[in-house]
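Notes for the one structure printed next.
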Amino acid sequence: MMRKKLVAGNWKMNGSLAQNRALLASLCQQLPILSCEVAVFPPFPYLSQASELLHGSSIRLGAQTLSEYREGAYTGEVAAGMLREVGCSYVLVGHSERRSLFAESDQAIARKFLAALASGLNPILCFGETLEERQAGVTLDVIKRQVLAVLACLDGGSWPQSAILAYEPVWAIGTGLTATPLQAQEVHAYVRSLLNQGGEEAGVAEVRILYGGSVRAKNARELFCQPDIDGGLIGGASLNVDEFLEICRAAT
């Protein structure tokens with residue numbers, strides 16, 4: 001099974017109208033026809049701008065989070081339908097910074113995941129362990145809890161083909177540390193086995209699992225060559241045109 005790789009650029013809380021215009025113009029101009037898929041995830045206020053700038057290009061648009069609610073008196077929240085209306089195809093769910101800084105629970109993340117699916121968005125479920133959890137030898141236990149919390153909410157316990165997963169070891173985000181390709185592959189293979197508990201090997205073989213933990217041009221190719229790593233969730237490097245383009249090329 002040859003899964004199409006995805007390189008997803010999470011801008012986090014960065015950008016401005018001028019910076020976004022320059023960055024996206026360069027990406028649209030320089031990004032050749034690649035065999036991988038590319039998506040960018042700007043902050044909420046810039047989604048409409050990015051949607052207009054990306055019109056006619058092959059680059060997909062995503063949001064960094066969403067509300068579990070469809071509409072109503074939820075000040076500061078953004079619904080999945082709103083994201084679809086401004087042109088989003090993807091949405092991150094359960095990013096480690098949402099879990100740690102904003103206390104999003106496994107249960108709340110599962111509800112957001114379902115809200116994304118219900119509105120036709122493709123959710124990217126983020127999961128991963130802290131340094132303390134890795135040192136304690138409970139990495140796979142933590143990941144099992146995070147993934148099964150969502151899997152348990154799905155009809156029949158089957159992972160939807162449109163949904164993606166992203167392993168982001170918390171200890172490797174923004175630290176310059178990176179899981180070795182073999183460390184990352186071990187987790188990705190384990191997650192694929194979790195999804196296959198229902199015995200649907202063919203469907204699970206098509207599910208994409210990204211790696212997100214200080215991916216750079218210098219290590220992207222080796223990471224992406226692993227059999228169960230299907231691209232990257234890129235943080236800071238996605239704000240640098242040359243670096244991001246090199247990562248995209250590595251995914252081909």
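The values are calculated or read from the model by the stated rules, or taken from the named source; none is laboratory data. Quantities reported herein were computed from a predicted structural model and do not represent experimental measurements. Note that each Cβ is placed from the backbone with ideal geometry, even for glycine, and that neighbours are counted across all protein chains shown. Note: areas computed on protein heavy atoms with side chains; ligands, DNA, RNA excluded. Shrake-Rupley method; radii C 1.70, N 1.55, O 1.52, S 1.80 Å.
Quick check on the chain: helices-only [θ] at 222 nm, where DSSP H runs of length 4 and up contribute -39,500 (n - 2.57) each and the sum goes over total residues. Nearest 500, please.
Taking each H run of at least 4 residues, the total per residue is -11500 deg cm²/dmol.
I'd like to know which of Trp159, Ala110, Cys126 lies farthest towards the positive end of the charge dipole of the range 103-181, counting +1 on Cβ of Lys and Arg and -1 on Cβ of Asp and Glu.
With unit charges placed on the Cβ atoms, the residue in question is Trp159.
Averaged over every viewing direction, what's the projected area of the C-alpha convex hull for the chain? Give it in nm², one decimal, please. Walk me through the numbers on the way to the answer.
Details: hull surface 50.9 nm².
For the chain, the mean projected area of the Cα convex hull comes to 12.7 nm².
May I ask you to evaluate 6.51 cos²θ - 1.76 cosθ + 1.60, the Karplus curve with θ = phi - 60°, for each residue of the range 99-108 and list the ³J(HN,Hα) values in order in whole Hz, giving x for glycine and proline?
So the J values, rounded to whole Hz, are 5, 7, 8, 10, 6, 6, 7, 4, 5, 5.
If the elastic network links every pair of Cα atoms under 10 Å, which of Pro123, Pro181, Pro227 fluctuates the most in the Gaussian network model of the chain?
Result: Pro227 has the largest fluctuation of those listed.
Given R₀ = 30 Å, what would the calculated FRET efficiency be for Ser100 paired with Leu34, taking r from the Cβ atoms and rounding to 0.05? Numbers along the way, then the final one.
Values: r = 33 Å, r/R0 = 1.10.
With a Förster radius of 30 Å, E is 0.35.
For Ser16 and Asn196 in one chain, what is 0.36 nm times their gap in residues minus the Cα-Cα distance, to one decimal in nm?
In short, 60.6 nm is gained.
Magnitude of the Cβ-charge dipole of the range 122-173, K/R +1 and D/E -1, about the Cα centre, nearest 20 debye?
Details: 3 positive and 6 negative charges, 16 e Å.
It works out to roughly 80 debye.
State the Cα centre-to-centre distance between the range 16-95 and the range 144-203 in whole Å.
Between the Cα centres of the range 16-95 and the range 144-203 lies a distance of 23 Å.
Using +1 at the C-beta of Lys and Arg and -1 at the C-beta of Asp and Glu, which of Ala80, Ser238, Tyr211 has the Cα lying farthest in the positive direction of the dipole of the chain?
Ser238
Net charge within 14 Å of Tyr46 by Cβ-Cβ distance, Lys/Arg positive one each and Asp/Glu negative one each, not counting Tyr46 itself?
Charge balance in the 14 Å sphere: +1.
Protein chains only, probe 1.4 Å: how do Asp155, Asp106 rank by accessible area, largest first? Mind showing how you got there, number by number?
Numbers: Asp155 145, Asp106 20 Å².
The residues order as Asp155, Asp106, largest area first.
Rank Trp11, Trp171 by accessible area, highest first, at a 1.4 Å probe radius?
These residues rank, largest area first, as Trp171, Trp11.
Just want the answer: with Cβ charges of +1 for Lys and Arg and -1 for Asp and Glu, which residue in Gly62, Pro43, Ser26 is farthest toward the dipole's positive end in the range 12-75?
Going by the charge dipole, the pick is Ser26.
Express in nm, to one decimal, how much length is gained between Ala73 and Glu85 on full extension, taking 0.36 nm for each residue of separation and deducting their alpha carbon distance.
Taking 0.36 nm per residue and subtracting the Cα distance, the gain is 2.4 nm.
Is there a quick way to get the dipole size of the range 8-136? I mean about its Cα centre, with the Cβ of Lys and Arg at +1 and of Asp and Glu at -1; what is the value in debye to the nearest 20? Spell out each step's value before the answer.
On the way: 10 positive and 12 negative charges, 50 e Å.
Charge dipole, the range 8-136, about its Cα centre: 240 debye, nearest 20.
What list of ³J(HN,Hα) couplings, whole Hz, do you get for the range 157-174 from phi and the Karplus terms 6.51, -1.76, 1.60, once you set θ to phi - 60° and write x for glycine and proline?
Result, rounded to whole Hz: x, 9, 6, x, 4, 6, 8, 10, 10, 9, 7, 10, x, 4, 5, 10, 9, x.
Ignoring ligands and nucleic acids, what accessible area does Val7 show with a 1.4 Å probe (Å², nearest 10)?
Per-residue accessible area (Val7): approximately 0 Å².
Which value, in debye to the nearest 20, describes the size of the charge dipole of the chain about its Cα centre when Lys and Arg Cβ atoms bear +1, Asp and Glu Cβ atoms bear -1, and nothing else is charged?
With Lys and Arg at +1 and Asp and Glu at -1, about 380 debye.
Note down the net charge around Cys248, summing +1 for each Lys or Arg and -1 for each Asp or Glu among other residues with Cβ under 12 Å from its Cβ.
Within the 12 Å Cβ shell, the charges total -1.
Figure the gain on full extension for Asp155 and Lys4 (residue separation times 0.36 nm, minus the Cα-Cα span) and round it to one decimal in nm.
Between Asp155 and Lys4, full extension yields 51.8 nm more.
Choose one answer from Thr75, Thr139, Thr65: the residue with the largest mean-square fluctuation in a GNM of the chain with alpha-carbon springs under 10 Å.
In this elastic network of the chain, the residue with the biggest mean-square fluctuation among Thr75, Thr139, Thr65 is Thr75.
Percent of accessible area on the chain owned by carbon and sulfur, 1.4 Å probe?
Carbon with sulfur: 52 percent of the solvent-accessible area.
Please report, to one decimal in angstroms, the Kirkwood hydrodynamic radius of the range 140-189 built from all distinct Cα-Cα pairs.
Answer for the range 140-189: a Kirkwood hydrodynamic radius of 12.6 Å.
Counting Lys and Arg as +1 and Asp and Glu as -1, what is the net charge of the other residues whose Cβ lies under 10 Å from the Cβ of Ala108?
That works out to +1.
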